[in-house]
1. Do we have Ala15 as part of a helix (DSSP H, G or I) and more than 20 Å from Val97 (Cα to Cα) here?
2. Is there a residue in the stretch 7-29 that is small (Gly, Ala, Ser) and under 30 Å from Ser115 (Cα atoms)?
3. For the structure I just gave you, tell me whether Ser43 is assigned to a helix (DSSP H, G or I) and more than 16 Å from the chain's Cα centre (by Cα).
4. Do you know which residues across the stretch 45-56 are under 16 Å from Arg79 (Cβ atoms) and either in contact with a Ser or Thr (Cβ under 6 Å, 6 or more places away or on another chain) or surrounded by fewer than 19 Cβ atoms within 10 Å (Cβ to Cβ) (or both)?
5. Of the residues in the stretch 18-40, how many are closer than 15 Å to Ala90 by Cα and part of a strand (DSSP E or B)?
6. In the stretch 57-79, is there at least one residue being touching a Pro at 6+ places or on another chain (Cβ under 8 Å), under 20 Å from Leu44 (Cβ atoms) and surrounded by 14 or more Cβ atoms within 10 Å (Cβ to Cβ)?
7. Mind checking which pairs have a first residue in the stretch 57-79 that is farther than 18 Å from Ala90 by Cα and in the same structural domain as Val93 (by TED's automatic domain parsing) and a second that is polar (S, T, N, Q) and at pLDDT below 85, Cβ under 7 Å, 6 or more apart or different chains?
8. Could you figure out which of (1) at pLDDT 90 or above; (2) in a loop (DSSP other than H, G, I, E, B); (3) among the β-branched types (Val, Ile, Thr) isn't true of Ile51?
Amino acid sequence: MPGVRPQLDISTVEAFLRQHLDAPVEDVRGLRGGEISTAFAYSLAGERYVIRFGARESGFFHDRFACERFAPPGIPIPRIHEIGRFGELAFAVSPYVPAGTIQHLPAARQEALASATHATLVWPRSASSPIRANAGPIAGREAGSDASERSVNVAQ
């Protein structure tokens with residue numbers, strides 16, 4: 001999806017963080033990855049964080065929901081501390097997770113996480129899931145739709 005990922009530079013992000021947090025931030029740097037959001041790491045009072053910018057808040061609310069409901073042990077899904085607006089863009093702040101994203105892990109570590117990842121993707125559609133009937137639309141699709149099924153099959 002070319003053109004979807006917001007283009008921001010470090011100086012703009014650093015200025016926003018300083019104003020928004022009303023505190024000095026350090027070591028602001030761009031992070032790789034992200035198809036629809038742009039991410040930056042930074043330090044505040046000795047702690048590391050990540051701020052992601054995207055066109056819509058809804059994706060960040062979905063991320064928060066996924067972390068709170070489905071995060072299995074061993075899969076690095078950070079909690080979202082804050083979701084807000086920066087001009088026309090939405091942003092989300094999370095703690096920095098040194099492991100990075102699953103696709104950037106070494107192949108052996110990806111293999112070790114494959115079972116937990118598969119179970120996480122399949123569980124919301126299972127009969128034991130309390131959200132199966134109440135999941136509602138996510139990104140315009142109902143939970144358990146054919147599109148969801150194709151996504152799960154790719155991960156198997």
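The values are calculated or read from the model by the stated rules, or taken from the named source; none is laboratory data. Small disclaimer: the values here were computed from a predicted structure and weren't measured. A quick note on method: Cβ atoms are made from the backbone with ideal geometry, for glycine too, and the neighbour counts reach across all protein chains shown.
1. Values: part of a helix (DSSP H, G or I): yes; more than 20 Å from Val97 (Cα to Cα): yes.
Considered against the rule, which asks whether it is part of a helix (DSSP H, G or I) and more than 20 Å from Val97 (Cα to Cα), Ala15 comes out as yes.
2. To start, the set of residues in the stretch 7-29 that are small (Gly, Ala, Ser) comprises 11, 15, 23.
From the residues that got through so far, the ones that are under 30 Å from Ser115 (Cα atoms) too are none.
Among the residues of the stretch 7-29, not one is small (Gly, Ala, Ser) and under 30 Å from Ser115 (Cα atoms), which makes the answer no.
3. Answer is no for this residue.
4. Applying the first criterion (under 16 Å from Arg79 (Cβ atoms)) to the stretch 45-56 yields 47-52.
Glu47, Arg48, Val50, Arg52 - these are the residues of the stretch 45-56 that are under 16 Å from Arg79 (Cβ atoms) and either in contact with a Ser or Thr (Cβ under 6 Å, 6 or more places away or on another chain) or surrounded by fewer than 19 Cβ atoms within 10 Å (Cβ to Cβ) (or both).
5. Total meeting the criteria: 4.
6. Within the stretch 57-79 (the criterion being touching a Pro at 6+ places or on another chain (Cβ under 8 Å), under 20 Å from Leu44 (Cβ atoms) and surrounded by 14 or more Cβ atoms within 10 Å (Cβ to Cβ)), the answer is yes, since at least one residue qualifies.
7. Listed pairs, sorted by first residue: Phe70/Thr120; Pro72/Thr120; Ile75/Thr117; Ile75/Thr120.
8. Tallying (1) at pLDDT 90 or above; (2) in a loop (DSSP other than H, G, I, E, B); (3) among the β-branched types (Val, Ile, Thr), Ile51 fails exactly one: (2).
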